[in-house]
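**Student:** What follows is a single structure, and I will ask about it in a moment.
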Amino acid sequence: MQEKDRIRHDASAMKTVLLIGIGAGHPDQVTLQAIQAIQRTDVFFVLEKAGAGKDTLTAARHAILGAARPDAGYRLATAVSPERRIDDGAYQASIDGWRGARTAVLAELIETGMRDGETAGILVWGDPCLYDGTIQSLHELIAAGADLAFEVVPGISSVQALTAAHRVVLNRVGEAIAITTARQLARLNAADITNMVVMLDGRAAFTRFSDSDLEIYWGAYLGTADEILVAGPLRDRADEIAQMIDEARTRHGWIMDTYLLRRG
């Protein structure tokens, strides 16, 4: 076999993974590029999460697949997503352990769930480049020797869905915008905040700023039929939102929320 033919053969045998952003929840947020990616995928990896209400996330993915591929023609390879147990006393170690376990699950799916030369798809909530670790997992697998390529299809993030729902711009002229986590927010003072987006704050960390002049634009289950939106001065809304978080978690078994804190 000539060298050129060997290279062509090797390339055709390589496995490819598509990380497909499917938006924050509304089915109309699935872009044309995402639909095209879904239509050229041979097998979809579905990492199912245990816990009350989590099956609704899997059902939403199946609904998207049914709309984009009504004639099917694809396979499903399922696995249980490792439970994320965070030890506050050893936060980084517990995160590393959880990500390592998730990477191992992906490696097994790639090894046993797809054939050489096939394309696998992973439907990622929001955008794969924001608050999702799958890209890093695939980089680690390639660095470890996996004969693998991957592509990223961007999606509408919860941040975009939030600001669109509240009809506000993400940044203001001459000001920076920061995106952080509730854990990091808990280390800040109100004076440190001008424009700040906080991702997934199930503990209502914003209540510690209730006596500040900050405004909040909060949303949960963005883009879905269960969407909840609240906006206003934080001093007036903090307790109300904290109560909504508790009630929504009890009702659904889980909550995904995002909010913007902004100095008024």
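The values are calculated or read from the model by the stated rules, or taken from the named source; none is laboratory data. Keep in mind that this is a model prediction, so the values were computed, not measured. Neighbour counts run over all protein chains shown; Cβ positions are idealised from the backbone, glycine included.
**Student:** Does Ala165 satisfy being outside any helix (DSSP H, G or I) and of a type outside the set (Lys, Arg)?
**Tutor:** no
**Student:** Now, a different point. Taking only region 203-230 into account, find how many residues are of a type outside the set (A, V, I, L, M), under 24 Å from the mean Cα position of the chain (by Cα), surrounded by 15 or more Cβ atoms within 10 Å (Cβ to Cβ) and part of a loop (DSSP other than H, G, I, E, B).
**Tutor:** 4
**Student:** Could you list, in sequence order, the residues of region 231-264 that are crowded, with 18+ Cβ neighbours inside 10 Å and within 20 Å of the chain's Cα centre (by Cα)?
**Tutor:** Once the filter is applied, which keeps residues that are crowded, with 18+ Cβ neighbours inside 10 Å and within 20 Å of the chain's Cα centre (by Cα), region 231-264 yields Ile245, Ala248, Ile255, Met256, Asp257, Thr258, Tyr259, Leu260.
**Student:** Take the conditions assigned by TED's automatic domain parsing to the domain that holds Ser212, part of a helix (DSSP H, G or I) and not polar (S, T, N, Q) and apply them to Asp239. Does it pass?
**Tutor:** Yes.
**Student:** Give the number of residues within region 85-131 that are polar (S, T, N, Q), closer than 26 Å to Ala68 by Cα and not in a strand (DSSP E or B).
**Tutor:** 1
**Student:** In addition: Cβ-Cβ under 6 Å, sequence separation 6+ or interchain: first residue in region 93-117 and closer than 25 Å to Arg40 by Cβ, partner surrounded by 13 or more Cβ atoms within 10 Å (Cβ to Cβ) and aromatic (Phe, Trp, Tyr). Which pairs?
**Tutor:** Correct list of pairs: Leu109/Phe45.
**Student:** Specify which of the listed residues (Tyr131, Tyr74, Tyr91) is loosely packed, with under 13 Cβ neighbours inside 10 Å, in the same structural domain as Glu151 (by TED's automatic domain parsing) and among the aromatic types (Phe, Trp, Tyr).
**Tutor:** Every option except Tyr91 fails the conditions.
**Student:** If you take the residues in region 68-101 that are modelled with pLDDT under 80 and of a type in the set (Lys, Arg), which one is nearest to Ile38 (Cα to Cα)?
**Tutor:** Only one residue fits best here, namely Arg84.
**Student:** Scan Ala143, Ala186, Ala164, Ala149 and give me the residue that is in the same structural domain as Ala34 (by TED's automatic domain parsing) and out of contact with any strand residue (DSSP E or B) (no Cβ under 9 Å at 6 or more places or on another chain).
**Tutor:** None of the other options fit; the residue is Ala143.
**Student:** Here are some conditions: (1) touching a helix residue (DSSP H, G or I) at 6+ places or on another chain (Cβ under 8 Å); (2) among the aliphatic types (A, V, I, L, M); (3) surrounded by 17 or more Cβ atoms within 10 Å (Cβ to Cβ); (4) assigned to a helix (DSSP H, G or I). Ala67 meets all but one. Which one does it not meet?
**Tutor:** So the condition that Ala67 fails would be (3).
**Student:** Which of the following residues is among the acidic types (Asp, Glu) and within 14 Å of the chain's Cα centre (by Cα): Asp192, Asp127?
**Tutor:** Asp127
**Student:** I'm trying to understand the selection: among the residues of region 1-56, which are of a type outside the set (Lys, Arg), within 26 Å of Ile228 (Cβ to Cβ) and at pLDDT below 75?
**Tutor:** Ala50, Gly51, Ala52, Gly53, Asp55
**Student:** Looking only at region 94-110, count how many residues are of a type outside the set (A, V, I, L, M, F, W, C), surrounded by 14 or more Cβ atoms within 10 Å (Cβ to Cβ) and closer than 20 Å to Gly145 by Cα.
**Tutor:** Residues that pass the stated criteria total 3.
**Student:** Next question, about the same structure. Contact list please: Cβ distance under 6 Å, first residue in region 134-162 and farther than 27 Å from Thr180 by Cα, second residue among the basic types (Lys, Arg), pairs at least six apart or on different chains.
**Tutor:** Correct list of pairs: Leu148/Lys15.
**Student:** Shifting gears a bit: Conditions: (1) surrounded by fewer than 17 Cβ atoms within 10 Å (Cβ to Cβ); (2) under 30 Å from Pro27 (Cβ atoms); (3) out of contact with any helix residue (DSSP H, G or I) (no Cβ under 9 Å at 6 or more places or on another chain); (4) outside the structural domain of Tyr259 (by TED's automatic domain parsing). Gly113 meets all but one. Number of the miss?
**Tutor:** (1)
**Student:** Something else about it: Output the qualifying pairs, or none if there are none: Cβ atoms under 6 angstrom, residues six or more apart or on different chains, first residue in region 36-55 and assigned by TED's automatic domain parsing to the domain that holds Asp71 and under 15 Å from Arg84 (Cβ atoms), second residue modelled with pLDDT of 95 or more and exposed (fewer than 13 other Cβ atoms within 10 Å of the Cβ).
**Tutor:** Short answer, once both residue conditions are applied: none.
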